[in-house]
1. Taking the conditions exactly as written (at pLDDT below 90 and either part of a helix (DSSP H, G or I) or under 22 Å from ILE218 (Cβ atoms) (or both)), does GLU443 satisfy them or not?
2. So, of the residues in the range 614-627 that are under 21 Å from GLU436 (Cβ atoms) and open to solvent by less than 10 Å² (accessible area, probe 1.4 Å), which turns out to be nearest to the chain's Cα centre (by Cα)?
3. Please work out if GLY755 is touching a helix residue (DSSP H, G or I) at 6+ places or on another chain (Cβ under 6 Å), surrounded by 15 or more Cβ atoms within 10 Å (Cβ to Cβ) and not β-branched (Val, Ile, Thr).
4. Checking ASP406 against (1) surrounded by fewer than 23 Cβ atoms within 10 Å (Cβ to Cβ); (2) closer than 24 Å to ILE218 by Cβ, which single condition isn't satisfied?
5. Would you pick out the residues in the range 174-232 that are in contact with a Lys or Arg (Cβ under 7 Å, 6 or more places away or on another chain), of a type outside the set (S, T, N, Q), at pLDDT 65 or above and surrounded by fewer than 21 Cβ atoms within 10 Å (Cβ to Cβ)?
6. Restricting the search to the range 288-312, which residues are part of a strand (DSSP E or B) and either in contact with a Pro (Cβ under 6 Å, 6 or more places away or on another chain) or closer than 25 Å to HIS278 by Cβ (or both)?
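The values are calculated or read from the model by the stated rules, or taken from the named source; none is laboratory data. Everything numeric here is computed off the predicted structure, so don't read it as measured data. Neighbour counts are summed over all protein chains in view; Cβ atoms, including those assigned to glycine, are modelled from backbone coordinates with ideal geometry. These area figures cover heavy atoms from the full protein model, side chains too; ligands, DNA and RNA do not enter into them. Shrake-Rupley method; radii C 1.70, N 1.55, O 1.52, S 1.80 Å.
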Amino acid sequence: MSPKGIVMNYRVFCFIELICLIHLTVNEAIIYAAEMRNSTLNVGDVIPEIEADSIEGLPVSFLPPQGKILLILLWNKESLQTENAMKEKITLFKRFHNHGLNALGILSGVSENEIDELAEKWQTPWVQVLDEAGEEDKLSQQLGVSTFPYNLLIDENGKILALNLQGEAAHEIVANCLGVSLNDAPTPKPPEEKREPFRPMNGYDPGAGASKSTLTDINALLGEPQERTQVEACKQNLRKISHALTDYRRDHDGELPNWLSDLYPDYLQDETILLCPHDPNPTTKYVELKDPKMKCSFLYQFAPVNVGARNYREWKTYQLNDYGDRTPVARYLGFSQPLSLSYGGEIYFSKLTWEDPFNAGINLESDDAKVRTVLRTLASALSKYKKDKGGIPNELIELQPDYIKDLSLFINPVTSEPLKYLFSAADPDARQQKFEQVKKYGEYTPVIRVSGVLKNNRELNLAYNGEIYQSDEEWENLFHDSIDTALTDAGKKAISATGARSFYGIGATLLWDEENHAGFQVTGFTSDSPAEKAGLQAGDLIYAVSGESFGSQASETENFTHALSLLRSDQVSAVTLTVARPREQKPLTFAFPRTLISWTDNYFRGRFPVFHSDQMLPMRGQWTISTGFLQQNDPELRLAISIFEPFIKKGEISFKTRVLEGEEGVRILFGYSSPNHFYSLNLGGWNNSRVEIEKWMGVFHDSPQILVHAGPEFSLEHNRWHEVRLILNETENKVACFVNDQEITSYEAPEAIKGRFGLCTWKTKAEFQGIELSGE
């Protein structure tokens, strides 16, 4: 380039410098000036007035809000293949978005499906516009852009601040335009391409009559395997929101609230229900839909706000008459795919453009919508009944009149036949079989099923947990052997990476070999057990860990502590168990990655619902868990212990419990910092006669323990569900226990109490459900 050209380009650079008050090198200025020639607009010009809709059909503004700047990104099909350019712009956006940078994507020559794939591949955080107008009306032409990729940075008045930002210079320009120091805006981790996008597939149809291919049953219902624990915690809150919305609509002539926060406190008494424990505040470009009155993780789709020139509530009301009750009421964008709660009460994963699997033209008067209306109302009533009574009724009629006043809600609105209640006590054997299914398949076991209103012989199910979903006639096939084991190969790899932690992190329950004093005998396995998958069998005797044999220690407790220290040692990347098996001539060895057994002792904050075996550590006893339903099955064992992962210094544990067999109540462990240091609150000790708190120095019945608090007389009624809470405050060294909302006892310790919570039984067979921990 001639010196004259350099001078000319340097003058252009100086103009940029005046706008953004920055200092760049001459070479950077030459690059910018050369690329500026790809647009007929120049720095300092004002862009023309432009009208366009996003791919979701919402009007978009080409002017940022006051005090912010907007980066307009233009792509065509070929330029989208440039991965570095996409990574660079996403990194730039994430770095400065909270400081006032907005972004808008314009895509030319790209189909809607390709836009969906792009959104899934990169999780693009900005609004996208499809540039599909005629050649003269194209948005790129109106902006004077002829080559791609290209971008313009504009202020609130539409004035162009810079053209085609690239590299490190882009960060400096944006920072200076926003008046932000680069040190105050740390560079985020570059985005990673999502290599395995959410797969469209046959099966799950979140609405009747859809003729297009839809999402896979299990993934659309439960989420991707590696996310299912977090998804279930989020869905638990969405189910409660659905029930609250049902009650609100009943009391307000069918109208929805203006915001989800309007449900509090009359319909939702716990404001944390409006938060998803996975990420209470996920990043979103749909800021207009965020609740203005309370913290809320969910984007409310019927908010009375204008997005562009369109009123969102009016638009969604219109969609109810076009897509029926499949229309989302609330959406959560914190997982790999959006999670939607529909107007009809179903909860499903979909693409961002949720309409894709459905054909328009179905309204709220369709047969399936009528049935879902009835099922939603019954779900809300059953939820209240379960909370008050500790279980589900023997017959549906028991909901009337306290929970259901309209008897027509027990009738199929399409066939006028009574709904079939699958847990009816009229057939005790069938009712017991259904409870066994709850243990095996989890709380997605149907309570009511309705056929004949969906295509392809699909059936609508009202689940034990209050969720509405669809399945084939053999609903069990949807969950395979159990929800806990319905994992793809990718999901199994995720377990190896993140840790399926149960006893010693290998998923086996063991007892000390009292006769030979040689090791621990495998007595069973927790659900989805890595130990069982690896080939361990009940009856195996584990007599060495990482080459060190048992038997040399003085007692069972010391052997256990020694084994635990070996298994959790930071000095090894994998743990090897040496096993003697009956009828095998040689010892067997099994290796487990140490990632399976590492628990952090960092303090936990937030909510932690317990659903799966990877969240607990069964130390003694025959413990089984399936989607939140935990049971200790050995009524003769003197001390059965299971602890949970979160390390808490201020918080609580809450659950429902029912004693099925034995003479005692149940116990709550707290302040568990090691196998040799924890507390136990005995609810119904000494033949179910009183409350006590003991400090233990070991996890076996012969371990030393000290009575630190003798509480009042108390009896835990057997074969009845009880709601239990234990509140821990490390600051005051105090715990308080409540049963059925009544304080039973409290205790102030002479030392700081912090550690893990757990559950325990003493010669008792007991069940637990709804287990949830929280930490502050």
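1. Values: at pLDDT below 90: yes; either part of a helix (DSSP H, G or I) or under 22 Å from ILE218 (Cβ atoms) (or both): yes.
So GLU443 passes the test.
2. Step one: of the range 614-627, the residues under 21 Å from GLU436 (Cβ atoms) are 618, 621-627.
After this cut, where a residue has to be open to solvent by less than 10 Å² (accessible area, probe 1.4 Å) as well, the list is 618, 621, 623, 625-627.
Working: PRO618: 24, GLY621: 29, TRP623: 24, ILE625: 19, SER626: 17, THR627: 13 Å.
Step by step, filter the range 614-627, then rank; the result is THR627.
3. no
4. (2)
5. Within the range 174-232, ALA185, PRO188, PRO190, PRO191 meet the criteria.
6. Within the range 288-312, LEU299, TYR300, ARG310 qualify.
Conditions (1) over 33 Å from the mean Cα position of the chain (by Cα); (2) open to solvent by 40 Å² or more (accessible area, probe 1.4 Å), marked per residue:
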{"site": "PRO635", "(1), (2)": "yes, no"}
{"site": "ILE641", "(1), (2)": "no, no"}
{"site": "GLY671", "(1), (2)": "no, no"}
{"site": "GLY684", "(1), (2)": "yes, no"}
{"site": "ASN687", "(1), (2)": "yes, yes"}
{"site": "LYS695", "(1), (2)": "yes, yes"}
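Per-residue answers, yes or no, for (1) at pLDDT below 95; (2) open to solvent by less than 40 Å² (accessible area, probe 1.4 Å); (3) assigned to a loop (DSSP other than H, G, I, E, B):
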| position | (1), (2), (3) |
| --- | --- |
| VAL329 | no, yes, no |
| GLN337 | yes, yes, yes |
| GLY344 | yes, yes, yes |
| GLU355 | yes, yes, yes |
| PHE358 | yes, yes, yes |
| GLY361 | yes, no, yes |
| LEU375 | no, yes, no |
